[in-house]
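A quick write-up on the structure given underneath.
The values are calculated or read from the model by the stated rules, or taken from the named source; none is laboratory data. Computed from a predicted structure; not experimentally measured. Cβ coordinates were reconstructed from backbone atoms using ideal geometry, including for glycine residues, and neighbour counts include every protein chain displayed. Ligands, DNA and RNA are excluded from the accessible area calculation, which covers all protein heavy atoms including side chains. Shrake-Rupley method; radii C 1.70, N 1.55, O 1.52, S 1.80 Å.
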Amino acid sequence: MLTKSLPALALFFVALIAGAIASLGFEPTAMWLLTVIGVTFLVAMVDTAATSTRAALLGWGFGIGHFTTGLGWIATAFSFQSKMPAVLGWVSVVLLSMFLALYIGMAAYLARRLVRGAVPRVLILAAAWMLAEWLRGWVLTGFAWNPLGAAWLSAPGIAQLAASGGALALSGLMVLAAGGLWLIVRPRNTIPARMAGAGLIAAVVISGVVGAGSARDFYYPDGTKLFVVQPNIGQDVKYDPAREDAHLETYLELTRTAIAAPASKVDDTFGRSTRVDAAIAALKFDKLTPDPAGMAGLGTASPVAASSRTDATTAEAKAAAAKNAPIASAPGSTATARPGALVIWSESAVPYPVEEDAAVRARLAAAIGPDDLLLFGGLAVNRAANGTVLSLTNSLFVIDAKGKIRGRYDKAHLVPLGEYVPARPFMTALGVTRLTPGDLEFKPGTGPRSLDLPGFARVGVQICYEIIFPGAVVEAAKRPAWIVNISNDAWFGPSGPPQHLAQARLRAIEEGLPIVRATPTGISAVLDANGRIVASQAAGTFGVISASLPPPLPPTLFARFGHQTTLVFGLLLVGLGIVIEQRSRIFG
């Protein structure tokens, strides 16, 4: 047997390597077969471990290799700040992986401890894995990044089953597929046990066929027009005070140019415009010279500074903004009138406190058409009665063409070390601080919320990594018609953005809702309710996605019952494992 043929240290190293191999099923490599192979090694080690403690140790080693390889993008975030050494990024990745690996160790322990037969161990391991991933997304505020089932996205038929059981059920299917392979090749296995292994693989394959058949094709030429702006503003310059206004002007210029582009440029076969790259390529956005009239008094103002602009300044800003109004809405324009559109900018796109600054609101409003709405990320300032700043919120705002704020959502699931420092006195003593600039803490919002958009379909809002939590992205009492996910993936290196997009795809499938993602450096995308990418803007590029909003599906099984469907699936696996355990003489 595998665990008896190798020394303990060598076997632990094999577990590390198997975990690393399993992570290659995630984006950007997306080789799901390697995930099956890597998990097969784990199943074999759990099944043949001498004790349940040894199985847990090997599961822990598997998890360390799995998470360290899959979460390497986290180290990139530490290279964008100067308060902590960059090498601490990799230390953090390893330490986080060692913690997250405990959940896999727990699943391995339960599978080895609770049953004795090889077949029931596979079933119990699948159920225990789903339980472990649920806990991983909940304990200590949770970190649900890269559930094992995300690897099935490159096998889209199986991924569609998330509409019934959620992403965690997909993880259980991955363990079943790997377990079936192990049962087939397991030395000295009984014929019924090998047949059970073949049956598990057949069940997964059949599930994939059924899932592929459940995906619906859409035709929606009259869907709401979307303009998703990606300015390609990197994290290395994003918080440079000298460039704040130039960055805002980048968003404005991209928006004006896209709105003014002829409708004939739409590529219906791809569902988006051919973009305005050629028209804006000549603009040097990192060297823009602000319009002195339109940007008077803005300069490098702190995002928490109280507005001190005069009415005269506001009037100047409005006049300058009107001068730069898009062709489609300019007075006397001969351009063909168009229906209202939704313009979407990324997280923290506007560095100024828009609720306190009429001049900034006027500039934003002037960039869109008369019936359009602009959805963008910014900061809301929470002040005491005397005007003292108490805290901030990471928020999405909705503004109309008159500069009126029509909605606001505050991010509820904040990022530890990104937006707040847990156990601040202790962490500060260790020299650990926040990755984002500033010392003010962020205040969390109340949770998933839908916003009613005048003239448009109701939208659910998720900011940044809130989208990674299954069953927690939609306000159940006010089901939206679509979800907007604004984010700043510029922190995440080359592997983080595609992994983030993959998890948004899972949420689209689970909820049966289209999702629109806007990020400053990519990957921005429009996803249909089957989780398929309708349109996207590649990472590291600038441009505007021009697409129609896909329609929603009726509420899926998971949308109606959430993790209860995953629980039922897990209990079925446990029950079947117990029944087979009682017939262990047959299955071995």
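In the stretch 452-587, what percent of the accessible surface is made up of carbon and sulfur (1.4 Å probe, ligands and nucleic acids excluded)?
65
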Requested in this report: Obtain the nm distance between the two label points defined at Leu9 and Leu571 by a simple spin-label model: each point lies 7 Å from its Cα along the Cα-to-C-beta direction.
Outcome: 4.8
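Sort the stretch 440-508 into rounded, prolate or oblate with this rule: let a ≥ b ≥ c be the square roots of the eigenvalues of the Cα gyration tensor; rounded if a/c is under 1.5, and if a/c is not under 1.5, prolate when a/b is larger than b/c, oblate otherwise. Don't jump to the answer; show the numbers that get you there.
Details: a/c = 1.92, a/b = 1.47, b/c = 1.31.
It comes out prolate by the Cα gyration axes.
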Query raised in the report: Order of 40-46, 463-469 by packing, highest average Cβ count within 10 Å first?
Result: 40-46, 463-469
Requested in this report: Calculate what fraction, in whole %, of the accessible area of the stretch 150-226 sits on carbon and sulfur atoms when a 1.4 Å probe is rolled over the protein chains.
Outcome: 68
Query - Rough spin-label spacing in nm, given labels placed 7 Å along Cα→Cβ, for Tyr219 and Ile578 - result: 5.2
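In terms of the Cα gyration tensor, with a ≥ b ≥ c the square roots of its eigenvalues, is the stretch 102-183 rounded because a/c is under 1.5, prolate because a/b exceeds b/c, or oblate?
It comes out oblate by the Cα gyration axes.
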Query - Added length on full extension, which subtracts the Cα-Cα distance from 0.36 nm per residue, Ala457 to Leu95 - result: 126.0 nm
**Report entry** Volume of the Cα convex hull of the stretch 549-588, divided per residue and given in Å³
**Finding:** 94
Query raised in the report: Ordering Trp32, Trp138, Trp90 from largest to smallest accessible area (1.4 angstrom probe), what's the sequence?
Result: Trp138, Trp90, Trp32
